[in-house]
Protein chains: 2
Amino acid sequence: MIFKKKPLVVSRSTLKRLPLYLHLLEKVMAEGAEYVSCTQIAKEFDFDPTQVRKDLEVTGEVGTARIGFRVAGLVDSIKEFLGWNNAHDAFLVGAGNLGKALLGYRDFEKYGLNIVAAFDNDPRKVGTRIFGKEVLPLNRLANLSKRMHVHIGIVSVPAEHAQSAVDLMVNAGIKAIWNFAPAPLRIPADVILENARLTQSLAVLTNNLKRNRDQGENNANSDVSKI
Amino acid sequence: MIFKKKPLVVSRSTLKRLPLYLHLLEKVMAEGAEYVSCTQIAKEFDFDPTQVRKDLEVTGEVGTARIGFRVAGLVDSIKEFLGWNNAHDAFLVGAGNLGKALLGYRDFEKYGLNIVAAFDNDPRKVGTRIFGKEVLPLNRLANLSKRMHVHIGIVSVPAEHAQSAVDLMVNAGIKAIWNFAPAPLRIPADVILENARLTQSLAVLTNNLKRNRDQGENNANSDVSKI
DNA sequence: CTTTAATAGAGAAAATTTTATCGATAAAAC
DNA sequence: GTTTTATCGATAAAATTTTCTCTATTAAAG
């Protein structure tokens, strides 16, 4: 197989568009398409075709003029690039509403994420199972993460407990943290922190809504809702 | 009160940082601080102070040299700017795990979002209440949204049903859609669409993790985890 | 077989976003 | 009261990201 030279550093923007492409590609693959062009992909999202082409460059896949890219190849290469081809075990801390929803989200396995257990200090939750996953007391996290070689921690506790949950994880050897709490977290430089914040997305929505309202009917939706 | 001239168009990046500032500001306000400087805020997030200053410009607040900004004023102006000072009623479609979590998320009211009812076609769910909110059949959405003047729709159905849910909402007069389904959606230009996609955030995390693994211990976390 | 049209890929240009610089100002230190 | 220091606000510069332009390639149409 032929590979193009890949860019050395991949932008966050590109990284965030790749899952979009992937979902689309899986859909068109299920529909039986063998090839897809950047033009087609771009049309779906109202992106620039060149941007799609540049994004796909990072996967190493090469396209064919007049044909496009092999869908199956792209799907695989994007997954590989994102690290979704190999399952990562993860612990979740905070078995509240959001935690439960995350525990029940079956699609995570498609994204290489396997939540193996939940941790919570609420005695009513400890000992129960949520979607088949045990809820354990927080003081067992350190031991278990070391024994089971779990390197990803998901934080779904309230903001005020987020930092202490993270400290616990870091001390337990967790190497990457996916944070759902709306709080700025302090972590050592060698730990990866990624914030999944709903409020950011909501901010864009409500601000647009307000602008539309303020400006009346003219100029509606002038902020293009990309990415 | 004195206002600075505000930038006419606010970037998506700025818009997404504002909630971060807001959460921090509410915290420091609770701690009793009356003033806060951009330098301090920047330090919390590892941002550039100038960037914070530029971001805060959009709120119209003016700071004082050597002192900074009034925390209370900033909090209020950011909320106002984001449209979080006035409650927006919203309908939620899809009372699955994620839908339930969203219905139970009490903080939404802080962000001006008030989910008034849920819709689902599962007969086992219809008629029940989730966190006090009624679950209604989808065919009642159009009528109710018009009668209750609800303009925001939250989509938490599986990807394959997302487009039809959105079509229904658009026909019902919904003006802004917050989409949690991993599917590209087609909507009219005058409807606001904002995608809240977990997978994008997860993509950044897992890719970083893969890179760290690939590159061994050198150069860990070279992609700074900002925003 | 030749022409046409669609697309990839490379590089340049444009736009946007972030970061740096500098003068002004106000509090704190001296 | 003067000097020092921290910060704002404005502008400029740098970096990054997106979009455009052009050439080469390949399938399809004529």
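If a residue has to be touching a Phe, Trp or Tyr at 6+ places or on another chain (Cβ under 9 Å), within 13 Å of chain A (Cβ to nearest Cβ) and touching a residue at least 40 places away in the same chain (Cβ under 8 Å) to count, how many in region B:158-201 make the cut?
Number of matching residues: 1.
Please verify whether region A:54-62 includes one or more residues that are under 25 Å from B:Arg12 (Cα atoms) and either at the interface with another protein chain (Cβ under 9 Å from one of its Cβ atoms) or open to solvent by 70 Å² or more (accessible area, probe 1.4 Å) (or both).
Looking through region A:54-62, at least one residue is under 25 Å from B:Arg12 (Cα atoms) and either at the interface with another protein chain (Cβ under 9 Å from one of its Cβ atoms) or open to solvent by 70 Å² or more (accessible area, probe 1.4 Å) (or both).
Taking only pairs six or more apart or across chains, which ones have beta-carbon atoms under 8 Å, a first residue in region A:17-37 that is within 14 Å of DNA strand D (Cβ to nearest atom) and open to solvent by 50 Å² or more (accessible area, probe 1.4 Å), and a second residue that is modelled with pLDDT of 95 or more and in a helix (DSSP H, G or I)?
Every condition considered, the pairs that remain are A:Glu34/A:Val71; A:Glu34/A:Ala72; A:Tyr35/A:Val71.
Considering only residues that are part of a loop (DSSP other than H, G, I, E, B), open to solvent by less than 10 Å² (accessible area, probe 1.4 Å) and in contact with an Asp or Glu (Cβ under 9 Å, 6 or more places away or on another chain), which ones fall in region B:144-191?
Quick first cut of region B:144-191, residues part of a loop (DSSP other than H, G, I, E, B) only: B:149-151, B:156-158, B:172-175, B:180-191.
Cutting the leftovers down to open to solvent by less than 10 Å² (accessible area, probe 1.4 Å) gives us B:150, B:172, B:174, B:181, B:191.
The answer is B:Val150, B:Ala181.
When you check A:Lys43 against the structure, is it open to solvent by 60 Å² or more (accessible area, probe 1.4 Å) and touching a residue at least 24 places away in the same chain (Cβ under 8 Å), yes or no? Even if it seems obvious, please write down each step before you answer.
Numbers: open to solvent by 60 Å² or more (accessible area, probe 1.4 Å): yes; touching a residue at least 24 places away in the same chain (Cβ under 8 Å): no.
The answer is no for A:Lys43.
Out of all the residues in region A:80-128, which are free of Cβ contacts under 8 Å to residues at least 24 places away in the same chain, of a type in the set (A, V, I, L, M, F, W, C) and closer than 18 Å to A:Leu18 by Cβ? Talk me through it step by step, then tell me what you get.
Filtering region A:80-128 down to residues free of Cβ contacts under 8 Å to residues at least 24 places away in the same chain leaves A:80, A:97, A:101, A:105-109, A:121, A:123-124, A:126-128.
When the remaining residues are screened for being of a type in the set (A, V, I, L, M, F, W, C), the result is A:101, A:108, A:126.
A:Phe108 - this is the single residue of region A:80-128 that is free of Cβ contacts under 8 Å to residues at least 24 places away in the same chain, of a type in the set (A, V, I, L, M, F, W, C) and closer than 18 Å to A:Leu18 by Cβ.
The values are calculated or read from the model by the stated rules, or taken from the named source; none is laboratory data. Being a predicted model, the structure only gives us computed values, none of them experimental. Cβ coordinates were reconstructed from backbone atoms using ideal geometry, including for glycine residues, and neighbour counts include every protein chain displayed. Ligands, DNA and RNA are stripped out before the accessible areas are found, and what is left, the full protein with its side chains, is counted by its heavy atoms. Shrake-Rupley method; radii C 1.70, N 1.55, O 1.52, S 1.80 Å.
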